[in-house]
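The values are calculated or read from the model by the stated rules, or taken from the named source; none is laboratory data. What you are looking at is a predicted structure, and each value in this text was computed from that prediction instead of being measured. All Cβ positions, glycine included, derive from the backbone under ideal geometry; neighbour counts span all protein chains shown.
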Amino acid sequence: MSPFTPQPNSLEKAISESDLAAVQTLYAGTAPAQQPAFLAKTAERAARRAQITILDWCFRAGLAVPQGETLNNELYDQACFSRSPAVFEVLAAHGWDLNAHHSEFVGDALSLAAYHGDTALAEFLLEHGGVDPNQAWGYQEHEAGVWAVVGPHRSPEFLRTMLSHGWKQADSTAHIAAAEHGDMEILRLLVEAGSAKLEATDPWWGNPTEIEADRWGTALYRAALKGQEDAVAYLLEKGADPSFKDEKGRSCAWAAREGGSQRIVEMLEEKGVKE
């Protein structure tokens, strides 16, 4: 946060009412040494409220554009919280590199959009904001692809948008999450339209030390562990390796027995996996 808070009630009122003239009057009455802090604070509040005219004026009045990568830039955070394509359009128009900013609070704009299933924001970021979907950081430790699977606003369309803009799924575990949840629409999408790595084993959840930390495994292993019969059948059909064993040497057959599905046990036995 900027350390300077100029006449908070007056400024907040002017921003909430989109009263640029009032903001300009407050700015003119600010000591020159404090004007950069005034602009920073005004821009942050304008971004959060998606007051585009005021945000644009801040840059035109001399608000500095950060150079290089930043972590926890307050203006970027407030822009993310706004979830407004118009706010990011202003930032990009004034020279912001939208790939260079990340936050411990929101991850990045694309990840936050995934959490909310906000395809409109994602489309702007990818099509006009120059955002690379392969550089996205996770909101609350989940990557964008995973949020589109397990978040409160599940969105195959969001995943299609990322795929159509060059998302390679190189380090993604979204397909593991889809298999574990038995989400066949998304699992098929990620395997067939994308480039999901069937033998990837990283956990999809945010904190692997707290959730089944010793049961990392492939999409097939996790689907077997959760008793997802259709997902197991599909993954075997697509060539997933049934001989995988976790770091403790436990097989997909072990996972199937833990998951309680005799059908999955039999499917794996047909592939020669019994132990």
Residues of the stretch 103-126 that turn out to be of a type outside the set (Ser, Thr, Tyr), over 11 Å from the mean Cα position of the chain (by Cα) and modelled with pLDDT under 95, as a count: 2
Lone unmet requirement of (1) more than 25 Å from PRO152 (Cα to Cα); (2) under 27 Å from the mean Cα position of the chain (by Cα) for TRP254: (2)
Examine the stretch 234-247 for a residue that is surrounded by fewer than 22 Cβ atoms within 10 Å (Cβ to Cβ), touching a residue at least 40 places away in the same chain (Cβ under 8 Å) and closer than 13 Å to HIS175 by Cβ, and state whether such a residue exists. yes
Does the stretch 77-86 include one or more residues that are among the hydrophobic types (A, V, I, L, M, F, W, C), more than 14 Å from the chain's Cα centre (by Cα), more than 18 Å from LEU163 (Cβ to Cβ) and not in a loop (DSSP other than H, G, I, E, B)? yes
Test LEU187 against the stated conditions and say whether it is of a type outside the set (Phe, Trp, Tyr), under 21 Å from the mean Cα position of the chain (by Cα), farther than 27 Å from SER103 by Cβ and surrounded by 18 or more Cβ atoms within 10 Å (Cβ to Cβ). yes
Might you check whether a residue that is part of a strand (DSSP E or B) and at pLDDT below 95 occurs anywhere in the stretch 135-142? yes
If SER172 passes every condition in (1) in a loop (DSSP other than H, G, I, E, B); (2) surrounded by fewer than 24 Cβ atoms within 10 Å (Cβ to Cβ) but one, which one does it miss? (2)
Give the residues of the stretch 12-44 that are hydroxyl-bearing (Ser, Thr, Tyr) and farther than 24 Å from TYR76 by Cβ, sorted by residue number. THR25
Would you check if ASP77 is among the charged types (D, E, K, R), modelled with pLDDT of 95 or more and over 26 Å from VAL131 (Cα atoms)? no
With respect to ALA61, is the statement that it is under 30 Å from the mean Cα position of the chain (by Cα) and among the small types (Gly, Ala, Ser) true? no
Residue satisfying all of: in the stretch 248-270; loosely packed, with under 13 Cβ neighbours inside 10 Å and free of Cβ contacts under 8 Å to residues at least 12 places away in the same chain; farthest from LYS197 (Cα to Cα) among these: GLN262
Is it the case that some residue within the stretch 184-204 is out of contact with any Phe, Trp or Tyr (no Cβ under 9 Å at 6 or more places or on another chain), at pLDDT below 95 and in a helix (DSSP H, G or I)? yes
Please go through the stretch 50-95 and give me each residue that is closer than 19 Å to TYR27 by Cα, of a type outside the set (Gly, Ala, Ser) and surrounded by 14 or more Cβ atoms within 10 Å (Cβ to Cβ), ordered by number. GLN51, ILE52, ILE54, LEU55, ASP56, TRP57, CYS58, PHE59, LEU63, LEU75
